[in-house]
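The values are calculated or read from the model by the stated rules, or taken from the named source; none is laboratory data. Only a predicted model underlies this, so the values are computations on that prediction, with no experimental measurement involved. For neighbour counting, all protein chains shown are included, and Cβ atoms are generated from backbone atoms with ideal geometry for every residue, glycine included.
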Amino acid sequence: MEEYILNIIKAIRESWSSSVVVYTYGCCYQFYEILKAIFPTAESYWDGNHIFTKIDGEYYDIKGKFIYDGRRLTLVIDKKDIDKHSVNKWSDERRSEYIKEYQKKLNLNNNLSEIFRK
């Protein structure tokens, strides 16, 4: 089972170049949610700085298996804690709004450069 888990993590990690940064700095809870979708018995644990996913008694994050080093890990089950760890999560609607805003800015900048080139 461990090899299967590590292969899935590796596939996610290697699917795009910024995965380690994103899932280590700010979206570690979302990484747990991905693993939870694949492994329904997975649990999220917080060490005060980072979320680890516990599957079959072992801890994982985007880098692979976490060798438990004695630090205090707290099971995340409280709704307010889950909300706190989900602050970076964007809805499809918000993502769509952002893309529209970004495209407007690009068009504005392109139009301004055309004006100043003349």
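The figures follow:
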quantity	calculated
Selection from the range 47-62 of residues that are closer than 20 Å to G26 by Cβ and surrounded by 12 or more Cβ atoms within 10 Å (Cβ to Cβ)	D47, H50, I51, F52, T53, Y59, Y60, D61, I62
Of all residues in the range 9-23 being touching a helix residue (DSSP H, G or I) at 6+ places or on another chain (Cβ under 6 Å) and not polar (S, T, N, Q), the one that is farthest from A42 (Cα to Cα)	R13
Flag if V87 is part of a loop (DSSP other than H, G, I, E, B), under 13 Å from the mean Cα position of the chain (by Cα) and at pLDDT below 90	yes
Residues being free of Cβ contacts under 8 Å to residues at least 60 places away in the same chain, assigned to a loop (DSSP other than H, G, I, E, B) and surrounded by fewer than 16 Cβ atoms within 10 Å (Cβ to Cβ) - total across the range 3-46	8
Residues satisfying the stated conditions in the range 5-35, i.e. under 21 Å from D56 (Cβ atoms) and of a type in the set (V, I, T)	I5, I8, I9, I12, I34
